[in-house]
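First up is the structure itself, then whatever we jot down about it.
The values are calculated or read from the model by the stated rules, or taken from the named source; none is laboratory data. A quick note: this is a predicted structure, and the numbers were derived from the prediction, not measured. Because the Cβ atoms are built from the backbone with ideal geometry, glycine has one as well, and the counts that use them run over all protein chains shown.
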Amino acid sequence: MNTMVQAAIQTSNEMQRHLVAKATDDAEFRAQLVANPNAAIKQEFGIDLPEYVSIQVHESSGNDLHLALPPSADAELELDEEALEAVAAGLCCCG
């Protein structure tokens with residue numbers, strides 16, 4: 001995986017951690033993130049997400065946990081600038 005993709009994934013992970021931490025402490029933000037993730041991300045980071053990026057927020061309970069896996073290490077990813085920005089925005093847009 002090239003260093004640009006690795007940096008984008010690292011930034012994505014940092015943004016995800018930020019969103020989770022804020023949603024844990026701020027009930028109003030949590031409700032907005034669940035109801036309209038794009039608007040919550042725009043409010044928090046000032047990022048307009050491309051239309052092809054789909055964000056799904058899942059709330060875990062004590063019995064149900066959700067695990068999101070990044071692209072596999074051996075996947076050859078060729079991302080254009082728009083896709084790299086989406087990844088850097090905390091999104092997984094790569095298949």
Would region 24-37 turn up any residue that is modelled with pLDDT of 85 or more and at positive phi? no
Return a yes/no flag: does region 88-95 have any residue that is surrounded by fewer than 17 Cβ atoms within 10 Å (Cβ to Cβ), over 10 Å from the mean Cα position of the chain (by Cα) and either modelled with pLDDT of 70 or more or not in a helix (DSSP H, G or I) (or both). yes
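Take the residues in region 64-78 that are surrounded by 11 or more Cβ atoms within 10 Å (Cβ to Cβ) and within 16 Å of the chain's Cα centre (by Cα), then tell me which one is modelled with the highest pLDDT.
Among those that are surrounded by 11 or more Cβ atoms within 10 Å (Cβ to Cβ) and within 16 Å of the chain's Cα centre (by Cα), it is 70.
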Only unsatisfied item for residue 28, checking (1) in a helix (DSSP H, G or I); (2) surrounded by 10 or more Cβ atoms within 10 Å (Cβ to Cβ), is (2)
Counting only residues that are assigned to a helix (DSSP H, G or I) and touching a helix residue (DSSP H, G or I) at 6+ places or on another chain (Cβ under 6 Å), which one in region 31-65 is farthest from residue 81 (Cα to Cα)? 32
